[in-house]
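*Asks:* Have a look at the structure that comes next, please.
Just so you know, all these numbers are worked out from the coordinates, no wet-lab data involved. This one's a predicted model, so the numbers in the text were calculated from it and none came from an experiment. No Cβ is skipped: glycine too gets one built from the backbone with ideal geometry, and neighbour counts run over all protein chains shown.
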Amino acid sequence: MIKTIGIIGAGQMGNGIAHVGALSGFDIKLLDIDPDALQKAIQVIDRNMDRQVKRSIVSEPDRSAALGRIETGTDYALFGDCDIVIEAATEDEAVKVKVLESLVPNLRDDAMVASNTSSISITRLAASTDRPERFIGMHFMNPVPMMNLVEIIRGLGTSEETYQEVKTLAEKMGKTVAMAEDFPAFIVNRILLPMINEAIYTLYEGVGNVDAIDTGMKLGANHPMGPLELADFIGLDTCLAVMQVLYDGLADTKYRPCPLLVKYVEAGWLGRKTGRGFYDYGSDKPVPTR
């Protein structure tokens, strides 16, 4: 039975998983190489839980207890007593492999490892560890405290026992599970990212401007966010990384990343997290950049 969860990466996904895990009664060990990122993550979790208390979603005693279950650190030795460690590092295979190689020597023999990758082969990531049978994909949606879905992806070597334990874990965290096969970008991003990429092509080719495209999809398709607004929220670097995984993995030109997306990433215009993407976030109301 899983009681203690390790999480690698204190960014948007890592702190969201820590938030939900702690509220669900699990002991959380949150690691990042940057102490400032850990401090910021705790502040974000505290602030987000405070919002839940104000909306009567969470009680004040539950909030205090959950925050008390989160331990942070910068040394992989932190994970020595974890039942499972969820890797939530940058969506870059080389980075993830390096992280996994640092992680494995610090784990118990029976500990499981999950990757929160949104697109990369679970079978390939598992092969960089000593435990492919105890390795699985556990792709949370962003923002984790608000989104109900978790995609679970079995690698070629993932055991039935690991799958069942991780499925139960996701359900205990209040999530609905979608089982996906280990193909590039799985289910959600296989459908979502090409739509976003096509919206960027529509902008690139001058069919409509940022405002027209987002308004069109919000009012014409009843989407809660326009595709360009959503791209900024996800991060344009992450969008590009997923499109490259699809393009490389499936060898189909329909997945070719839009040159405009590449240019924005090269410029460092990555969306909300850098203050500028398809919108400029420098003022109270985001302003389209094209």
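*Asks:* Check the straight Cα-Cα distances from Lys98 and name the aspartates and glutamates below 12 Å, setting aside those fewer than 8 residues away within the same chain.
*Replies:* Reachable aspartates and glutamates: Glu87.
*Asks:* Let me ask something else. List the residue ranges in the chain for DSSP H helices whose C-alpha atoms run 20 angstrom or more along the long axis and whose Kyte-Doolittle average is -1.0 or above.
*Replies:* 35-54, 188-204, 236-250
*Asks:* Where nothing but the Cβ of Lys and Arg (+1) and of Asp and Glu (-1) is charged, how large is the charge dipole of the chain around its Cα centre, in debye to the nearest 20?
*Replies:* Value, rounded to 20: 700 debye.
*Asks:* Long-range amide H contacts for Leu149: which residues qualify at under 5 Å (H placed 1.01 Å from N, peptide plane, sequence gap of 5 or more or a different chain)?
*Replies:* So Leu149 has HN proximity to Met141, Thr176.
*Asks:* Give the residue list of trypsin sites (Lys or Arg not before Pro) in region 99-201 that are DSSP loop and have at most 11 other beta-carbon atoms within 10 angstrom.
*Replies:* Qualifying residues, ordered by number: Arg108.
*Asks:* Go ahead and estimate [θ] at 222 nm for the chain from helices alone: -39,500 (n - 2.57) per DSSP H run with n ≥ 4, summed, over the residue count, rounded to 500.
*Replies:* About -14000 deg cm²/dmol.
*Asks:* Sticking with the crude label model, points 7 Å out along Cα→Cβ, report the distance from Met195 to Glu171 in nm, one decimal please.
*Replies:* 2.8 nm
*Asks:* Could you pull out the longest piece of the chain with no exposed loop GluC sites (Glu not before Pro) in it, calling a site exposed if DSSP puts it outside H, G, I, E, B and it has at most 12 other Cβ atoms within 10 Å?
*Replies:* That would be 1-180.
*Asks:* Also, quick follow-up: Just checking my list [x] 32, 23, 17; [y] 34, 20, 17; [z] 36, 21, 20 against semi-axes √(5λ) of the Cα gyration tensor in Å computed from this structure; which label fits?
*Replies:* [x]
*Asks:* Assign unit charges at the C-beta atoms only (+1 for Lys and Arg, -1 for Asp and Glu), then state the dipole size of region 189-288 relative to its Cα centre in Debye, rounded to the nearest 20.
*Replies:* For this selection, approximately 120 debye.
*Asks:* Taking amide H atoms as placed 1.01 Å from N in the peptide plane, list the residues 5 or more away in sequence, or in a different chain, whose amide H sits under 5 Å from that of Met138.
*Replies:* For Met138, whose amide H was placed from the backbone, the distant partners under 5 Å are Ser115, Asn116, Thr117, Ile153.
*Asks:* Mind checking which of Met112, Met146, Met243 has the largest fluctuation in a GNM of the chain, springs on alpha carbons under 10 Å?
*Replies:* Comparing Met112, Met146, Met243 in the GNM, the peak value goes to Met146.
*Asks:* With respect to the cross-link table entries Lys172/Lys254; Lys40/Lys263; Lys263/Lys285; Lys54/Lys172; Lys40/Lys218; Lys172/Lys218, which display a Cα-Cα separation exceeding 28 Å?
*Replies:* Among Lys172/Lys254; Lys40/Lys263; Lys263/Lys285; Lys54/Lys172; Lys40/Lys218; Lys172/Lys218, the Cα-Cα distance tops 28 Å for Lys172/Lys254; Lys40/Lys263; Lys40/Lys218; Lys172/Lys218.
*Asks:* A further question follows. Contour minus end-to-end for Glu266 and Asp46, with contour as 0.36 nm per residue of separation and end-to-end as the Cα-Cα distance?
*Replies:* The span from Glu266 to Asp46 would gain 75.8 nm if fully extended.
*Asks:* Give the lysines whose C-alpha is closer than 21 Å to that of Lys167, dropping any in the same chain fewer than 8 places away, or say none.
*Replies:* Lys3, Lys29, Lys175
*Asks:* Restricting to the chain, compute how many DSSP beta bridges are antiparallel as a %, nearest 5.
*Replies:* Percent antiparallel among DSSP bridges in the chain is about 25.
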